[in-house]
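**Student:** Structure in structure tokens, see below.
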Amino acid sequence: MSIVLSNISKNFGDFSALHDIDLEIPEGELVALLGPSGCGKTTLLRIIAGLEQTDKGQILLNGEDKTQHHVSQRGIGFVFQHYALFRHMTVFDNVAFGMRVKDKKVRPSESEIAKKTHALLELVQLDWLHNRFPDQLSGGQRQRIALARALAVEPSVLLLDEPFGALDASVRKDLRQWLRNLHHELNVTSIFVTHDQEEAMEVASQVVVLNKGRIEQQGSPADIYDYPANAFVSKFIGQTNEFQLSHFSTDWFDKVGLSISKEVTKDSIAHVRPHDIEITKTTNDTPVTLKDWQHLGALIRIELTKNLPSGKSKAVFAEMPNEQFKRLQLSRGDKVDLKIRHAHWFH
Amino acid sequence: MSAAISRTVHQSTLDDANWVRWSLITIALGFIILFLCVPLALVIIQAFAKGFDAYLSALSQPDMQAAMRLTLLTALITVPLNTVFGVAAAWAITRFEFRGKNLLITLIDLPFSVSPVISGLIFVLLFGTQGWMGEWFLEHDIKVIFAVPGIVLATLFITFPFVARQLIPLMQEMGSEEEEAALSLGSSGWRMFFLITLPNIKWALLYGVLLCNARAMGEFGAVSVVSGHIRSLTNTLPLHVEVSYNEYDSVSAFAGASILAGLAVVTLILKTFLEWKQKNERATASL
């Protein structure tokens with residue numbers, strides 16, 4: 001089911017949580033709402049669900065205006081950050097709940113409910129836990145039960161609030177993969193909220209970057225990484241080095257291979273990803289020194305210091321494969337030459 | 001681990017002050033025996049001073065029976081009403097944001113901070129023949145003060161806070177996510193309340209109801225002001241105890257008192273059970 005939001009605004013007292021949000025999500029996408037904490041992403045998710053009312057604007061689900069519909073009438077499945085499993089019910093009763101509270105006319109028989117509940121529990125690979133209580137499960141298991149419970153009502157939209165936020169790093173990795181596979185299998189339009197850009201890039205087919213109640217950019221993970229719309233997105237998605245034009249000489253930009261286009265002004269900032277910086281050992285008198293490095297598995301993270309004309313110094317980070325770094329045979333304090341392969345200019 | 005360490009530290013620091021520990025325990029125990037156990041025992045002894053038969057006949061006096069019936073009736077009306085009110089108030093306070101919320105929380109506690117006699121007087125001022133609304137009631141031939149409605153009203157006022165006070169902290173701690181989950185799964189508001197909220201708050205609710213009931217049956221001050229002490233008509237059990245005592249009918253007075261004391265003991269036992277039940281449930285929930 002497609003989702004169209006137009007002109008959504010939400011205030012909490014004097015605080016403006018969302019500001020004129022326009023968003024279109026085509027059917028079958030797995031979308032990440034990404035942003036720093038307090039950017040309004042959870043509020044937006046809750047407004048789509050109907051758990052929060054929008055001050056103005058419209059919510060269309062599959063072309064139908066659902067703005068005034070109660071949460072129970074929107075046909076959505078919601079997975080809460082802390083799972084919100086019913087603590088006094090067994091896993092089975094939790095998953096069956098949505099089917100059991102249906103109107104008598106459309107309610108399946110108890111045997112159908114049981115069949116479907118077991119099928120869902122098998123889908124999340126936890127049928128063996130069906131008569132446990134939520135407090136007897138691990139975090140990852142609770143998350144999967146919460147998902148099975150939301151899927152039991154056959155929602156046309158699946159909404160997940162920080163689905164991996166409260167889990168251990170290793171469990172999180174597994175669950176990300178699993179969620180993506182599950183989405184491929186079910187193909188239900190899904191939106192999840194996250195503050196972790198890595199998670200958004202890895203799981204989602206579309207990423208929506210939010211900041212201070214506004215949408216900064218929407219696009220595929222690759223688009224957002226390769227063509228950030230503005231300085232905020234560039235900084236938020238992955239690591240970046242900032243070079244403010246006024247702090248450096250234009251000569252230096254020439255030397256490192258950064259061409260300065262016509263639009264560049266005094267206030268322009270160049271954003272350079274660490275892997276777009278190449279370093280070579282030199283005996284020349286250059287202002288860049290190697291300070292330290294850290295192993296990040298396959299990559300080496302290199303910390304450089306560049307002396308500025310103003311007398312201060314600036315930290316610059318570069319990344320390169322392990323092997324390549326070994327071949328350079330560098331040690332701390334060595335002078336190095338920089339080559340910048342690619343930069344994004346923001347004015 | 002850290003708890004274990006701090007415990008041993010505590011013990012060693014307190015060990016050298018052994019006499020402090022024992023004297024504090026002695027004082028506390030002595031106080032309880034002197035002011036709680038001895039009076040309770042005296043009530044029983046006095047009630048049975050003229051034998052078991054006298055005790056039974058005192059209890060079966062028509063006035064005593066009427067007082068017991070009125071006490072039960074009052075509790076039967078006020079406890080359910082205040083249970084509904086308590087749940088509604090706790091719900092409003094923990095689930096909605098609105099202006100004047102803090103004022104409401106403070107007002108709920110008002111009956112705790114006002115002397116019961118004053119509470120009684122308020123109702124006399126409102127509904128008495130000389131009161132603000134007295135004339136209207138007089139015209140419509142409705143008796144409130146010195147009648148059963150006044151007793152019920154005063155008791156309602158006094159036992160107002162018990163249920164809400166028990167539920168508010170619990171419901172605040174639980175949050176509303178489970179309820180929201182139920183709604184998102186298509187449940188109606190009422191179903192959500194009965195299937196999700198109620199099972200989660202049931203022990204605290206029972207605890208509040210128990211305290212509310214104990215107070216409703218035992219209330220003296222406010223009821224005394226509005227009742228008028230009419231025998232067989234407007235005397236509740238506590239009032240009947242006082243009247244009998246003033247008339248030197250000590251067996252009757254203490255027989256009535258023994259019923260109230262018995263109620264207190266049963267309440268205590270149930271209260272301990274409910275506290276244990278609540279603690280147990282929370283312990284498993286936090287596993």
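**Student:** Against the empirical 2.2 N^0.38 Å scaling, what ratio does the C-alpha Rg of the stretch A:146-291 come to?
**Tutor:** That works out to 1.42 for the stretch A:146-291.
**Student:** Calculate log10 I(q)/I(0) of the stretch B:176-239 for q = 0.30 Å⁻¹, where I(q) comes from the Debye formula with a single equal point scatterer on each Cα and nothing for solvent.
**Tutor:** So the normalised log intensities work out to -1.13.
**Student:** Under a GNM of chain B (C-alpha, springs under 10 Å), which listed residue has the highest mean-square fluctuation: B:S252, B:S244, B:S188?
**Tutor:** B:S188
**Student:** Can you tell me the orientation of helix A:139-151 relative to chain A, as the angle in degrees between its alpha-carbon axis and the longest Cα principal axis, to the nearest 10?
**Tutor:** 60 degrees
**Student:** If I model a spin label at A:H118 and B:L42 as a point 7 Å from the Cα along the Cα→Cβ vector, what separation in nanometres do I get?
**Tutor:** My value for the distance between the label points is 7.0 nm.
**Student:** Which stretch or stretches of the stretch A:32-53 have amide N atoms under 13 Å from the point lying 7 Å from B:E97's Cα along the Cα→Cβ direction?
**Tutor:** Counting backbone N atoms under 13 Å from the label point, the list is A:43, A:52-53.
**Student:** Report the residues of the stretch B:153-178 in range of a label on B:A88: point 7 Å along Cα→C-beta, backbone N strictly under 19 Å from it.
**Tutor:** B:153-168
**Student:** Would you mind pulling out the separation of the Cα centroids of the stretch B:191-225 and the stretch A:252-282, in Å?
**Tutor:** 72 Å
**Student:** Please give the length that would be gained between A:R301 and A:K266 if that part of the chain were fully extended, namely 0.36 nm times their separation in residues minus their C-alpha to C-alpha distance (nm, one decimal).
**Tutor:** 9.6 nm
**Student:** Would you calculate, for chain B, the mean residue ellipticity at 222 nm contributed by helices, counting each DSSP H stretch of 4 or more residues as -39,500 (n - 2.57) and dividing by all residues, to the nearest 500?
**Tutor:** Calculated mean residue ellipticity at 222 nm is -24500 deg cm²/dmol.
**Student:** In vacuo Debye scattering of the stretch B:66-166, one point per C-alpha: log10 I(q)/I(0) at q = 0.10, 0.17, 0.21 Å⁻¹?
**Tutor:** Result of the Debye calculation: -0.34, -0.88, -1.10.
**Student:** Something else now. Calculate the FRET efficiency for A:D285 and A:R132 from the Cβ-Cβ distance with a Förster distance of 56 Å, rounded to the nearest 0.05.
**Tutor:** 0.20
**Student:** Averaged across A:71-81, how many Cβ atoms of other chains sit within 10 Å of each residue's Cβ atom?
**Tutor:** So the per-residue partner count for this stretch is 4.
**Student:** Rank A:E110, A:E319, A:E202 by mean-square fluctuation in a GNM of chain A with C-alpha springs under 10 angstrom and give only the top-ranked residue.
**Tutor:** So, out of A:E110, A:E319, A:E202, the one fluctuating most is A:E110.
**Student:** Considering only B:R231, B:R99, B:R165, give the residue with the highest GNM mean-square fluctuation for chain B, with springs between Cα atoms whenever their separation is below 10 Å.
**Tutor:** B:R99
**Student:** Please report the spacing between the Cα centers of the stretch B:85-149 and the stretch A:24-96 in Å, no decimals.
**Tutor:** Answer, in whole Å: 42.
**Student:** Only sites in a loop by DSSP and with at most 11 other Cβ atoms within 10 Å count here; which chymotrypsin sites (Phe, Trp or Tyr not before Pro) in the stretch B:105-177 make the cut?
**Tutor:** For chymotrypsin sites (Phe, Trp or Tyr not before Pro) across the stretch B:105-177 that sit outside H, G, I, E and B with at most 11 neighbouring Cβ atoms in 10 Å, the list reads B:W132.
**Student:** Need one number: nm distance between label points at A:E242 and A:K56, each 7 Å from Cα along Cα→Cβ, rounded to one decimal.
**Tutor:** Once both label points are built, they end up 3.3 nm from each other.
**Student:** Could you give log10 I(q)/I(0) at q = 0.10, 0.17, 0.19 Å⁻¹ for the stretch B:168-287, computed by the Debye formula over C-alpha point scatterers of equal weight, without solvent?
**Tutor:** -0.52, -0.89, -1.00
**Student:** When the C-alpha atoms of the protein assembly as shown are aligned to their principal axes, what extent does each axis show, in angstrom, from largest down?
**Tutor:** If we take the Cα atoms of the protein assembly as shown, the spans are 115, 74, 56 Å.
**Student:** Tell me which of B:V114, B:F31, B:F254 sits at the most positive position along the dipole axis of chain B, charges placed on C-beta atoms (Lys, Arg +1; Asp, Glu -1).
**Tutor:** Going by the charge dipole, the pick is B:F31.
**Student:** Normalised by the number of residues in the stretch A:248-347, what is the relative contact order in percent for Cα pairs under 8 Å and 6+ residues apart?
**Tutor:** 42 percent
**Student:** Can you list the lysines whose alpha carbon sits under 30 Å from that of B:K277, skipping same-chain ones fewer than 8 residues off?
**Tutor:** Cα-Cα hits under 30 Å: B:K202.
**Student:** What do you get for GluC sites (Glu not before Pro) in the stretch B:201-287 restricted to DSSP loop and a cutoff of at most 13 other Cβ within 10 Å of the site's Cβ?
**Tutor:** Loop-located and lightly packed - B:E247.
**Student:** Residue by residue through B:169-180, how many Cβ atoms from other chains fall within 10 Å of the Cβ on average?
**Tutor:** Mean partner shielding for this stretch: 3.
**Student:** Give me the one-decimal nm value for the distance between modelled label points at B:W22 and B:M133, 7 Å along each residue's Cα-to-Cβ direction.
**Tutor:** 6.2 nm
**Student:** Could you grab the relative contact order for the stretch B:72-148? Cα pairs under 8 Å, six or more apart, rounded to a whole percent.
**Tutor:** With pairs under 8 Å counted, the relative contact order is 13 percent.
**Student:** Could you work out the relative contact order of chain A, using alpha carbon pairs under 8 angstrom and six or more residues apart, expressed as a whole percent?
**Tutor:** Relative CO of chain A lands at 17 percent.
**Student:** For a quick protection proxy, order the peptides A:336-344, A:94-102 by their average other-Cβ count within 10 Å, most packed first.
**Tutor:** The packing order, highest mean first, is A:94-102, A:336-344.
**Student:** Once you charge only the Cβ atoms, +1 for Lys and Arg and -1 for Asp and Glu, what is the size of the charge dipole of chain A about its Cα centre, to the nearest 20 debye?
**Tutor:** 580 debye
**Student:** Measure nothing but the geometry: give the 0 to 90° angle between the long axis through the Cα atoms of A:169-186 and the longest principal axis through the Cα atoms of chain A, rounded to 10°.
**Tutor:** Helix A:169-186 sits at roughly 60 degrees to that axis.
**Student:** Next up: Does the stretch B:26-115 come out rounded, prolate or oblate by the C-alpha gyration tensor, with a ≥ b ≥ c the root eigenvalues, rounded set by a/c under 1.5 and, if not, prolate when a/b is larger than b/c and oblate if not?
**Tutor:** Taking the square roots of the gyration eigenvalues as a ≥ b ≥ c, the stretch B:26-115 is oblate.
**Student:** Could you tell me the calculated FRET efficiency between A:R214 and A:E64, based on Cβ-Cβ distance and R0 = 22 angstrom, to the nearest 0.05?
**Tutor:** 0.25
**Student:** Would you tally the net charge around A:T117, using a Cβ to Cβ cut-off of less than 12 Å, leaving A:T117 out, and scoring K and R as +1, D and E as -1?
**Tutor:** Computed value for this residue: -1.
**Student:** Helix by helix, which DSSP H runs in chain B go 27 Å or more along their axis at the Cα atoms and have an average Kyte-Doolittle hydropathy of -0.5 or more?
**Tutor:** TM-like helix candidates: B:62-95, B:198-218, B:250-285.
**Student:** Another question about this same structure. May I ask you to compute the full-extension gain from A:V4 to A:Y227, defined as 0.36 nm times their residue separation minus their alpha-carbon distance, rounded to one decimal in nm?
**Tutor:** Here the answer is 77.9 nm.
**Student:** Report, in deg cm²/dmol and to the nearest 500, the calculated mean residue ellipticity at 222 nm for chain A, where each DSSP H run with n ≥ 4 adds -39500 (n - 2.57) and the sum is divided by the residue count.
**Tutor:** -8000 deg cm²/dmol
**Student:** Still on this model: Using only Cα atoms, figure out Rg for chain B and give it as a multiple of 2.2 N^0.38 Å.
**Tutor:** Cα-based Rg divided by the globular estimate yields 1.25.
Every read-out reported here was derived from the displayed coordinates using simple, explicitly stated rules and does not represent laboratory data. A quick note: this is a predicted structure, and the numbers were derived from the prediction, not measured. Every residue, glycine among them, receives a Cβ derived from its backbone with ideal geometry; neighbour counts consider all protein chains shown.
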